[in-house]
Amino acid sequence: MGGFLSETFLAALLFGAITAAIPLLLAGLGEQMSEKAGVLNIGIEGMMIAGAYAGFLGAYYSGSFWLGFATGAAAGILVAALMALLCVRLGLNQIVIGIALTLGLEGLTALLHHFQFSRSYPRLPAAQVTPIPLLAEIPVFGPALFRHHLIVYLAVAAVFAMIWVYRRTQLGLNLQAAGDKPAALDVAGIDVVRTRTAAVLFTGGMAGLGGAYLANVGAGLFIPFITNGAGFLGIVLAMLARGRPLWVLAGALIFGGCLSLTTAAQVAGINVPTDVIQMVPFLAVMAMLVLFGRRASLPAALGIPYERGAR
Amino acid sequence: MSGDATSASATPLDASGGGGSARDIGRRLLITLGPIVVSLVLAGCVLLVLGINPLAYYGYVVDRGLLSPLGLQQTLTRMAPLLFLAAGLIVAFRAGMWNLGGDGQFLLGAVTAAASAPLLVQVLPGWLTLVAAFVIATVVAMIWSLIPALLRAYQGVNEIITTLMMSFLGVSLANVLVKLVFLDPATTVPQTRTLPVEDRLPRLFETTVTSGLLFGLVTIIAVHLMMTRTAFGLKLRVVGANPRAAVHAGLNVPLLTVTVFALSAGLIGMGGAVDIVGIQGNVRADWNPAYGLAVIPVVFLARMNGFAAIGFVFLLSVLSIGGESAARRLGVPQNFTMVLVSIVLITLAVAEYLDHRFNQARRA
């Protein structure tokens with residue numbers, strides 16, 4: 001154990017920041033799309049926990065991390081399909097259904113976990129990393145930033161993919177319109193319900209993936225309530241980012257850094273109670289909301305179900 | 001104005017709760033009890049999948065939560081904090097504010113009440129100690145809601161997120177306080193000092209039911225009447241139904257917003273106090289009953305009507321006391337109650353939708 005600022009310590013700190021940031025990034029990117037399209041997805045916490053549980057099951061029984069990510073994303077999409085059916089198609093209250101989904105899935109996964117694994121708490125082996133040639137050799141930054149599971153690089157690539165979608169494609173415009181002026185989109189001949197449904201399903205997939213990463217790579221096991229508000233942090237990221245994917249990335253890194261800093265401090269022998277550690281990301285969020293909250297603009301039709309001809 | 005859009009849809013102005021013809025009452029009964037029955041069946045299917053006989057489970061829950069004298073007394077005792085929570089949520093939801101931070105407000109109220117009461121009782125007369133504990137819990141919970149309230153009132157920041165974040169913070173802070181600050185030096189388990197049983201809220205008659213139940217009942221009825229029968233309540237409901245119209249009507253919306261949060265959080269903090277000085281006597285480390293999220297469905301189920309909420313709080317208490325017994329005896333974790341409550345919430349929303357469509361079709 002070197003000093004507080006030794007190279008290995010710094011590398012571990014940065015590595016931890018990335019690992020903690022990825023689930024938030026995936027959730028934030030997902031939530032961003034559904035908010036853009038006018039659906040406030042409070043159920044994202046439930047989608048994440050479903051993804052964490054299903055992702056763990058998939059990886060545990062198949063031995064493949066990729067299959068785990070696939071089952072995690074699939075579980076997230078499944079939950080999102082229910083949300084889309086209830087909130088987008090039937091137009092039920094998004095907050096009520098969101099709370100219900102979060103509550104129900106937290107309970108359900110805890111229940112299933114209890115009956116399956118309550119005595120054994122099995123762990124997954126450490127995730128296989130894909131070092132990026134040359135870059136991974138840089139001292140400190142190399143092992144911290146360029147020796148991660150392949151999905152980490154894909155998640156960062158997704159940020160740029162989203163920028164492209166929002167800026168350059170018709171789909172991006174449609175999503176924006178579905179959130180700002182759904183009636184205009186309808187007049188233009190595009191199905192609002194279908195656009196919003198697609199956005200919600202995407203959110204579910206991303207949240208499920210984030211949950212699976214959190215359980216499989218971040219923790220190596222599933223424990224009940226493992227997401228502990230990560231989905232809600234994703235909502236905050238999406239709110240503060242004002243529709244810009246790069247800002248979600250920046251925010252996720254800041255929150256991830258906060259998480260990693262406190263864990264690292266504990267490893268370095270500075271005695272911080274776990275309850276204090278758990279408070280840090282939320283403190284960071286509140287600080288950001290107090291500082292930048294005013295500018296956290298949201299689409300005009302957010303949370304309002306679309307009904308043709310209604311005023 | 002980010003919060004307006006999301007909140008406006010949830011709060012109808014017709015607060016009186018209907019009434020009217022027998023047919024109307026029958027319809028309301030149907031769309032209230034129907035979802036509950038459907039939910040029990042759906043949740044029963046979950047139990048079946050887990051290899052548990054749903055009838056045995058429900059039978060056990062009803063037996064332990066409702067039919068056995070001891071269980072019934074526990075159920076009535078459990079109602080006391082839940083009624084305060086429901087009252088706090090009714091104020092907020094009727095005024096169109098989504099206070100989802102109940103757990104943090106509740107726990108901080110409980111912890112500060114637990115920390116102060118055993119010390120105060122040494123210098124103050126018993127009744128004054130209880131009053132002081134209530135006041136402290138109320139004020140602490142109010143302070144905890146201040147940031148979301150100010151952000152919503154003056155910056156237009158969506159309160160759903162800020163209250164949730166403050167709730168996570170509050171739960172952790174409460175734990176830190178119990179473990180580091182308000183620790184009872186006399187015990188090895190981390191917990192606050194214990195208020196002696198004789199100094200707690202008196203019990204009702206010859207039972208074990210706390211008199212906190214009466215306070216809870218009076219409070220929720222008072223809140224209901226305030227929201228439905230007073231000019232102040234009407235103002236709050238106007239803010240909830242249409243904040244922009246409220247501004248045009250000359251209402252001081254930011255001030256009313258902060259007031260709503262203070263009232264809501266204060267009532268929830270009182271719930272924490274009543275749980276401590278009436279029932280628990282102290283707070284153990286990592287104690288978090290998570291009543292906050294469980295009571296939200298109750299308030300919706302009751303359509304934000306205080307009288308109806310009393311009935312549903314009773315139902316939730318039966319479920320939760322019976323569920324705790326079942327967790328010990330049948331090995332079904334308490335989490336099952338969460339699943340059941342969430343299914344109720346969804347089926348209720350669907351039932352309201354179907355009812356709405358049915359009415360539209362009949363009118364057309």
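The values are calculated or read from the model by the stated rules, or taken from the named source; none is laboratory data. Everything numeric here is computed off the predicted structure, so don't read it as measured data. Every residue, glycine among them, receives a Cβ derived from its backbone with ideal geometry; neighbour counts consider all protein chains shown. Protein only, heavy atoms only, side chains kept; ligands, DNA and RNA dropped before computing areas. Shrake-Rupley method; radii C 1.70, N 1.55, O 1.52, S 1.80 Å.
Worth pointing out:
- Cα extents of the protein assembly as shown along the three principal axes, largest first (Å): 79, 71, 54
- Taking the average, over residues, of other Cβ atoms within 10 Å as the packing measure, peptides B:62-71, B:178-187 rank B:62-71, B:178-187 from highest down.
- Of the DSSP H helices in chain B, those whose Cα atoms cover at least 30 Å axially and whose Kyte score averages 1.0 or more: B:22-49, B:69-94, B:253-275, B:306-330
- The reciprocal of the average 1/r between distinct C-alpha atoms defines the Kirkwood hydrodynamic radius, which for chain A equals 19.8 Å.
- Residue by residue along B:90-101, Cβ atoms of other protein chains within 10 Å of the local Cβ number 1 on average.
- Sulfur and carbon atoms: percent of accessible area, chain B [1.4 Å]: 68
- With 10 Å bins from 0: P(r) over region B:28-117, alpha-carbon pairs, percent: 13, 23, 37, 23, 4
- Burial annotation for region A:268-282: residues with an accessible-area loss of at least 40 Å² between the isolated chain and the complete set of protein chains, computed on heavy atoms with a 1.4 Å probe, are A:Asp275, A:Met279, A:Phe282.
- With the simple spin-label model, which puts each label point 7 Å out from Cα in the Cβ direction, the B:Leu330 to A:Tyr153 separation comes to 5.2 nm.
- Accessible area in square angstrom per residue, region B:2-363, 1.4 angstrom probe: 40
- Report note on the peptides A:162-169, B:21-28, B:152-159, A:69-76: ranked by the mean count of other C-beta atoms within 10 Å, highest first, their order is A:69-76, B:152-159, A:162-169, B:21-28.
- With protein chains left intact and a 1.4 Å probe, residues in region A:1-150 average 38 Å² of accessible area per residue.
- Peptide A:169-176, shielding by other chains (average Cβ, 10 Å cutoff): 0
- FRET efficiency estimate (nearest 0.05) - Cβ-Cβ, B:Leu128 to A:Ser118, R0 30 angstrom: 0.05
- In this simple spin-label model, placing a label point 7 Å from the Cα along the Cα-to-Cβ direction at both B:Leu204 and A:Ala161 gives a separation of 5.9 nm.
- Centre separation in Å (Cα based) which lies between region B:85-126 and region A:97-133: 33
- Kyte-Doolittle mean at least -1.0, axial Cα span of 18 Å or more - DSSP H helices of chain A: A:7-36, A:44-62, A:65-83, A:94-117, A:150-168, A:192-213, A:245-267, A:274-292
- Residues along region A:82-103 losing 20 Å² or more of accessible surface when the other protein chains are present rather than the chain by itself (probe 1.4 Å): A:Leu86, A:Leu90, A:Leu92, A:Asn93, A:Ile95, A:Val96, A:Ile97, A:Ile99, A:Ala100, A:Leu103
- Oblate is the label for region B:2-363, because a/c, from the alpha-carbon gyration tensor with a ≥ b ≥ c as root eigenvalues, is 1.5 or above and a/b does not exceed b/c.
- In the protein assembly as shown, helical runs assigned H by DSSP with n ≥ 4 each contribute -39500 (n - 2.57); averaged across all residues and rounded to the nearest 500, the mean residue ellipticity at 222 nm is -23000 deg cm²/dmol.
- For the chain pair B and A, the buried solvent-accessible surface (1.4 Å probe, both sides summed) amounts to about 4200 Å².
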